[in-house]
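In what follows, a structure is listed as structure tokens, so that the remarks can point back to it.
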Amino acid sequence: TTMPEYKLMYFNLQARAELTRLCFAYGGIAYEDDRIEGTWAERKKEMPGGQVPVLLVDGKPLTESLAMARYIAKQAGLVPKDDLQAAHCDAIVDTLNGMMPDIYQKVIFGKLEPAEKQKLLKEDLVPNKFNPVLNRLNERLSNQDWFLSDMVTWADIAISFMFGKVAEHYPTLLNDYPHVKKVVDNVQALAPIKQYISTRPKCN
Amino acid sequence: MPEYKLIYFNMAARAELARWCFAYGGIEYEDKRIEFEDWPEMKADMPGGQLPVLMVDDKPLPESLAISRYIAKQAGLVPEDDLEAAYCDAIVDTLVALHMTVIEQVMMLKAECEEKKRVMMEEVVPNKINPRLNMLNEKLEDRDWVVSDQTTWADLQIGLLFGMLSEKFPDMLADYPNVSAHVEKVRALEPIAEWISNGPETEII
């Protein structure tokens with residue numbers, strides 16, 4: 001069977017498209033990475049629901065960032081066959097995705113001064129939002145290499161992306177969570193991911 | 001078959017889609033509804049400190065959509081084809097976000113009933129809900145089911161969300177006859193109709 005033609009449309013931003021991009025990279029799957037620059041008002045009209053990201057599959061649009069990430073993850077062999085294991089991956093990805101507004105709206109694109117952002121991270125986001133998830137994951141990962149123990153899944157990719165992103169702005173984030181740090185690092189070290197990270201456009 | 005226990009509050013909100021999938025598939029489960037007063041004690045035991053949680057042979061699975069998708073699969077409500085499954089995921093994600101918008105921007109608004117109604121009718125309905133209804137109405141023009149040629153959990157979500165909303169806001173589907181007909185069709189499916197009439201009464205959508 002021939003592979004469909006894929007075109008991913010989003011801003012020049014990681015945020016809600018990067019998980020899909022990382023899954024494409026892991027699977028060695030070719031796609032057009034269309035990054036909208038400065039003409040969102042014009043492009044918005046062509047996007048179903050007026051939102052991005054959109055993934056065109058042989059010209060037909062698939063919306064919703066997690067629906068497309070899960071789909072590409074499947075094509076890349078990153079989703080387990082067992083329904084319950086797949087559900088646990090879905091669950092952690094949903095939880096991590098829930099952190100996106102905190103990371104992007106409050107920290108990266110927030111209007112606060114850098115010092116105030118650090119304070120927000122230190123006193124609110126890190127202890128209240130991120131640490132509870134990190135704690136749970138650190139325990140789970142203490143005896144195993146990956147979220148699902150013996151296979152890399154899109155859950156690991158999501159863990160690496162999200163916490164890697166926060167750590168860019170709060171470098172001590174993973175100090176108390178060495179098992180999570182191990183996954184963050186090990187995903188980034190996977191050959192196709194490492195290659196992708198070294199050549200991807202520089203953006204938030 | 002594993003032993004299932006779905007733990008949530010006595011409301012529709014984030015558990016009802018899973019309950020509909022259980023009903024459609026004729027799958028046995030314990031539908032545990034807890035009181036708000038009992039929640040603080042239980043919170044620490046739930047992964048992520050949130051509900052719903054699905055206990056599968058006593059092991060917890062959190063996150064409402066992960067739960068719903070898993071039960072949908074057990075009930076035969078998820079297409080085999082990856083891309084069709086993805087279209088279902090996308091429709092469900094969009095409609096769940098819409099539901100949350102109504103809850104957050106209208107139901108939970110700290111305002112008088114009149115103001116809540118105004119926000120709903122003048123802001124949320126025209127700006128958020130109608131564009132989605134338009135999209136669905138077009139999609140449902142020449143099809144029996146919204147994705148592929150089978151009933152999927154995306155159809156159930158349409159019947160669930162717009163059924164609940166149109167009960168509270170009766171003219172909501174007036175301009176969207178395909179959606180209206182689809183809501184009725186889904187709600188008339190035998191196991192769903194049975195659940196709607198015999199399941200616990202919940203005020204909170």
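The values are calculated or read from the model by the stated rules, or taken from the named source; none is laboratory data. Only a predicted model underlies this, so the values are computations on that prediction, with no experimental measurement involved. Neighbour counts run over all protein chains shown; Cβ positions are idealised from the backbone, glycine included. For the accessible areas, the whole protein counts, side chains as well, though only heavy atoms, and no ligand, DNA or RNA atoms are used. Shrake-Rupley method; radii C 1.70, N 1.55, O 1.52, S 1.80 Å.
With the requirement that a residue be free of Cβ contacts under 8 Å to residues at least 60 places away in the same chain, surrounded by 14 or more Cβ atoms within 10 Å (Cβ to Cβ) and over 14 Å from the mean Cα position of the chain (by Cα), what does region A:171-204 give you?
A:LEU173, A:LEU174, A:TYR177, A:HIS179, A:VAL180, A:LYS181, A:LYS182, A:ASN186
Within the set of pairs 6 or more residues apart or between chains, which connect a residue that is facing another protein chain (nearest Cβ under 8 Å) inside region A:44-73 to a residue that is open to solvent by 10 Å² or more (accessible area, probe 1.4 Å) and of a type in the set (Gly, Ala, Ser) with Cβ atoms less than 8 Å apart?
Close Cβ pairs satisfying both conditions: A:THR63/A:GLY49.
Would you confirm whether any residue within region A:92-107 is in contact with a His (Cβ under 9 Å, 6 or more places away or on another chain) and surrounded by 17 or more Cβ atoms within 10 Å (Cβ to Cβ)?
There is at least one residue in region A:92-107 that is in contact with a His (Cβ under 9 Å, 6 or more places away or on another chain) and surrounded by 17 or more Cβ atoms within 10 Å (Cβ to Cβ).
To keep it simple, each residue is scored yes or no on (1) in a loop (DSSP other than H, G, I, E, B); (2) closer than 25 Å to A:TYR177 by Cα; (3) more than 14 Å from chain B (Cβ to nearest Cβ).
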position: A:LYS81; (1), (2), (3): yes, no, no
position: A:GLN85; (1), (2), (3): no, yes, no
position: A:ILE103; (1), (2), (3): no, yes, yes
position: A:VAL107; (1), (2), (3): no, yes, yes
position: A:ASP124; (1), (2), (3): no, yes, yes
position: A:ASN128; (1), (2), (3): no, yes, no
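Failed condition for B:MET11, given (1) under 22 Å from B:TRP195 (Cα atoms); (2) part of a helix (DSSP H, G or I); (3) open to solvent by 20 Å² or more (accessible area, probe 1.4 Å), with all others met?
(2)
Filter region B:14-24 down to the residues that are open to solvent by 20 Å² or more (accessible area, probe 1.4 Å) and in contact with a strand residue (DSSP E or B) (Cβ under 8 Å, 6 or more places away or on another chain) and list them by number.
B:ARG14, the sole residue that qualifies.
Which one of these is more than 10 Å from chain A (Cβ to nearest Cβ), under 30 Å from B:ASN130 (Cα atoms) and at pLDDT 95 or above: B:LEU95, B:LEU6, B:LEU83?
B:LEU95
Taking region B:120-136 as the search range and keeping residues that are touching a residue at least 24 places away in the same chain (Cβ under 8 Å) and away from chain A (no Cβ under 14 Å), which one is least open to solvent (accessible area, probe 1.4 Å)?
Ranking the candidates gives B:MET120 first.
Please indicate, with yes or no, whether at least one residue in region A:4-17 is farther than 21 Å from B:LEU95 by Cβ, in a loop (DSSP other than H, G, I, E, B), within 13 Å of another protein chain (Cβ to nearest Cβ) and touching a strand residue (DSSP E or B) at 6+ places or on another chain (Cβ under 6 Å).
Among the residues of region A:4-17, at least one is farther than 21 Å from B:LEU95 by Cβ, in a loop (DSSP other than H, G, I, E, B), within 13 Å of another protein chain (Cβ to nearest Cβ) and touching a strand residue (DSSP E or B) at 6+ places or on another chain (Cβ under 6 Å), which makes the answer yes.
Quick one: which of B:ASP58, B:ASP38, B:ASP82 is of a type in the set (Asp, Glu) and in contact (Cβ under 8 Å) with a residue 12 or more places away in the chain?
Among B:ASP58, B:ASP38, B:ASP82, only B:ASP58 is of a type in the set (Asp, Glu) and in contact (Cβ under 8 Å) with a residue 12 or more places away in the chain.
Output the residues belonging to region A:27-71 that are assigned to a loop (DSSP other than H, G, I, E, B) and open to solvent by 70 Å² or more (accessible area, probe 1.4 Å).
Scanning region A:27-71 gives A:ALA30, A:GLU37, A:GLY38, A:GLN51, A:ASP58.
Can you find even one residue in region B:151-167 that is exposed (fewer than 14 other Cβ atoms within 10 Å of the Cβ) and either of a type outside the set (S, T, N, Q) or within 11 Å of chain A (Cβ to nearest Cβ) (or both)?
yes
Counting just the residues of region A:117-146 that are farther than 29 Å from A:VAL79 by Cα and open to solvent by 90 Å² or more (accessible area, probe 1.4 Å), which one comes out nearest to the chain's Cα centre (by Cα)?
Step by step, filter region A:117-146, then rank; the result is A:ASN128.
Taking the condition more than 14 Å from chain B (Cβ to nearest Cβ) and open to solvent by less than 30 Å² (accessible area, probe 1.4 Å), does A:LEU22 pass?
yes
In region B:98-119, which residues are among the aliphatic types (A, V, I, L, M), away from chain A (no Cβ under 11 Å) and buried (at least 19 other Cβ atoms within 10 Å of the Cβ)?
Residues satisfying the conditions are B:VAL102, B:VAL106.
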